[in-house]
Amino acid sequence: MTPTELWLPLGAIAFHLYDATQGLWQNEVLFERAGGQWHLRAESPLRRWGRRLVLPNPFMPQRPLFRVAWSLDDTRVAGDADPAPLLAALRPLGVMCQVLLLMLLALWPLCWMLGAGISVLALFAAYYLLVIAALALVFVRRRRLALTSRAFWSLAFDVVACAPFAVNLVRRISLRHGIAGNPVEFAARHFDASTRARFAALVRSRLQESRGGEAAAPAEEARIAQWLGRLETAAA
């Protein structure tokens with residue numbers, strides 16, 4: 001096997017991992033929908049250009065991700081928009097993303113065993129056909145997915161120009177969609193008790209980190225406690 005045959009599949013997998021990685025600012029977190037529940041994704045020891053580099057499970061690309069930014073000055077209520085229709089519209093696309101990931105992972109052992117033969121070329125062709133089918137599904141459901149025509153064609157250009165990006169189609173769409181309203185109010189309504197507690201602890205640690213580890217003034221501490229209290233009062 002030549003170096004080209006080796007680097008081609010490894011490069012494709014690297015592009016997938018690059019696309020799946022999210023750079024989060026100090027006040028940003030990811031809400032993930034998995035197994036009928038909402039989860040929090042935010043912690044990472046890796047930093048780049050002032051952002052935390054968070055890599056959600058790269059083997060579960062069918063799980064929608066939503067980027068949210070919290071603020072103590074955010075007085076909005078939770079949005080009235082129900083995420084269930086969006087999640088339902090994304091479900092068949094999630095199955096396609098899982099198949100695309102399996103095909104992407106199969107390229108490396110096939111290239112290792114067979115080289116750049118007809119089997120590998122057939123897998124590449126099948127992969128691109130599935131990418132086109134996934135884009136066709138997105139186009140048909142673009143209104144349900146809250147995608148403008150411009151947003152769809154931008155998305156289509158990205159995944160056709162770099163096919164490994166297609167594995168993260170579900171995440172790309174949900175990240176573009178976001179969460180309506182105040183994320184704290186949303187968390188209070190949809191998170192379980194342990195996840196709400198993790199969210200509150202994470203906000204406190206981020207605030208302390210932004211102060212350089214110094215203790216907050218009593219007035220600020222009271223304000224933080226009142227703000228985080230909304231996690232429980234809104235859920236009651």
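Using a 1.4 Å probe on the protein heavy atoms only, what accessible surface does LEU202 show? Give it in Å² to the nearest 10.
About 10 Å², rounded to the nearest 10.
What is the gain in length, in nm to one decimal, between ALA151 and GLN226 on full extension, counting 0.36 nm per residue of separation less the C-alpha to C-alpha distance?
Fully extending the segment from ALA151 to GLN226 adds 23.1 nm.
Please give the net charge around ARG144, taking every other residue with its beta carbon less than 15 angstrom from that of ARG144, where Lys and Arg add +1 and Asp and Glu add -1.
Around ARG144, the surrounding residues sum to +4.
On the full set of protein chains, 1.4 Å probe, figure out the accessible area of THR148 and give it in Å² to the nearest 10.
So the heavy atoms of THR148 present about 80 Å² to solvent.
Once the Cβ-Cβ distance between LEU137 and TRP7 is put in as r, and R0 is 45 Å, what FRET efficiency do you end up with, to the nearest 0.05?
So, using R0 = 45 Å, E works out to roughly 0.90.
Could you tell me the calculated FRET efficiency between CYS162 and GLU209, based on Cβ-Cβ distance and R0 = 41 angstrom, to the nearest 0.05?
0.75
Taking amide H positions as placed in the peptide plane 1.01 Å from N, state which residues far from ALA34 in sequence (5 or more) or on other chains have amide H under 5 Å from it.
HIS39
Using a 1.4 angstrom probe on the protein heavy atoms only, line up TYR127, TYR18 by accessible area, largest first.
Solvent-accessible surface, decreasing: TYR18, TYR127.
The values are calculated or read from the model by the stated rules, or taken from the named source; none is laboratory data. Please read these numbers as outputs of a predicted model, since none were measured by experiment. So basically every Cβ, Gly included, is an ideal-geometry build from the backbone, and we count neighbours across all protein chains shown. Heavy atoms of the whole protein, side chains included, go into the accessibility calculation; ligands, DNA and RNA do not. Shrake-Rupley method; radii C 1.70, N 1.55, O 1.52, S 1.80 Å.
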